[in-house]
Amino acid sequence: MDFWKKLKGELIDIVEWLDDSSDTLVYRFERMDNEIKYGAKLVVREGQSAVFVDQGKVADVFTPGLYTLNTQNIPILATLRGWKYGFESPFKAEVYFVNTRQFTDRKWGTANPIMLRDAEFGPVRLRAFGTYAFKAADPATLVREVSGTGGRFTADGITEQLRNFILTCFSDALGESKVPALDLASNYEELSSLIASKIKPPFKTYGLDLMAFLIENISLPPEVEAAMDKRTSMGVIGDMGKFTQFQTATAIGDAAKNPAGGGMAQGMGIGAGFAMANQMAGAMAGAGSPPPLAGAGVAPRYFVAIDGKQAGPFDLAALSELAGGGKINGQSLVWKQGMAAWAAASSVPEIASALGVQPPPLP
């Protein structure tokens, strides 16, 4: 079996890589004992680079093109073992094909919230996610620092490390920007550019180049977003007094239209309607005013201040009895519907007559 494998390697004189995957970053060309025939053809396609490695050291890097592997055409290969003596025989070298196309739509996101200090909300926790794109810019460095001697190295093999670079730079840039949490959405483009400038240097240490970096969303914790939604709802409603009046009027109409539950339900609905109507009337009349009188066509009824507290309403006969009992006098404050303010009993003619208050002597 090894004999046929070795023979097949001797007959092959084309070194190339046909990439049938979508995520291979580095591919090692397989050959029996890593022997490559003298005068073999090297085919490097667009979007590829070929790296020759001898004794663990990079001997040469080939960009896209067709090459004949001999010492005359490629002098640097003369440094490989055996070639420096002019041997026209197979030589040993490892060939790594590096995919130099862009790897797009790579995802990044915060596994845990990032704690920041915001000018409006104070300490907040933010989550973020987005996409980025990268490509191999220095194939030799990529082979030396990342892929190693594996037969196939995929982009997923380095994604976790790249994500760590991104999150570190993202947290640092977000803290330096001092952009309020509510203004982050309008500054995604500026933040993306700032963060990309911080990410590129660590990417270059791996032989990679950051081609694009995008922020798709930066979000606050759910409880903070819920509080903001309530605040937004209040802003949309506007005047809470008018909104309450509208809601009350709507409820009264619904109660009147609802026949369910028979007479008892209707009575409860009407009672609730009157209660809401009184609340609405109180809101419209303003705080601090006594409640309006129920009914129409009845004798005036009066409220009176007794021991600093509001009492009543009373008719004139009742006021006369209170005066006889010494509970009120001409200086007691009284009020009835239609009066602009509370006034002394002696200043209201009908009450003064009922209390038997005598007018002062003529001057």
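Rule-based calculations on the coordinates, nothing more; no lab input. Keep in mind that this is a model prediction, so the values were computed, not measured. In this analysis, Cβ positions are derived from the backbone assuming ideal geometry, glycine residues included, and neighbour counts consider all displayed protein chains.
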Highest mean first, what order results for 206-217, 38-49 on Cβ atoms within 10 Å? 206-217, 38-49
Note: Ser353 to Asp229 extended length (0.36 nm per residue) minus current alpha-carbon separation gives 38.4 nm
Could you sort 145-157, 93-105 so that the peptide with the highest average Cβ count within 10 Å comes first and the rest follow in order? 93-105, 145-157
Mind scanning Lys92/Lys204; Lys107/Lys200; Lys198/Lys230; Lys57/Lys204; Lys107/Lys204 and naming the pairs with a C-alpha gap bigger than 27 Å? Lys92/Lys204; Lys198/Lys230
Projected label distance in nm at Leu66 and Asp315, using a 7 Å step from Cα toward the beta-carbon: 12.2 nm
Can you list the residues, at least 5 places off or on another chain, whose amide H is less than 5 Å from the amide H of Ala40, using H built in the peptide plane? Leu69
So for R0 = 51 Å, FRET eff. of Arg152-Asn187 from the Cβ-Cβ r, to 0.05, ends up at 0.80
Could you give the length gained on full extension between Ala212 and Ala341, defined as 0.36 nm per residue of separation minus the Cα-Cα distance, in nm? 39.0 nm
Which peptide among 106-117, 326-337 comes first, and what is the full order, when sorted by highest mean count of other Cβ atoms within 10 Å? 326-337, 106-117
State, to one decimal in nm, how far the label point of Lys41 lies from the label point of Lys327, with both points 7 Å from Cα in the Cβ direction. 12.0 nm
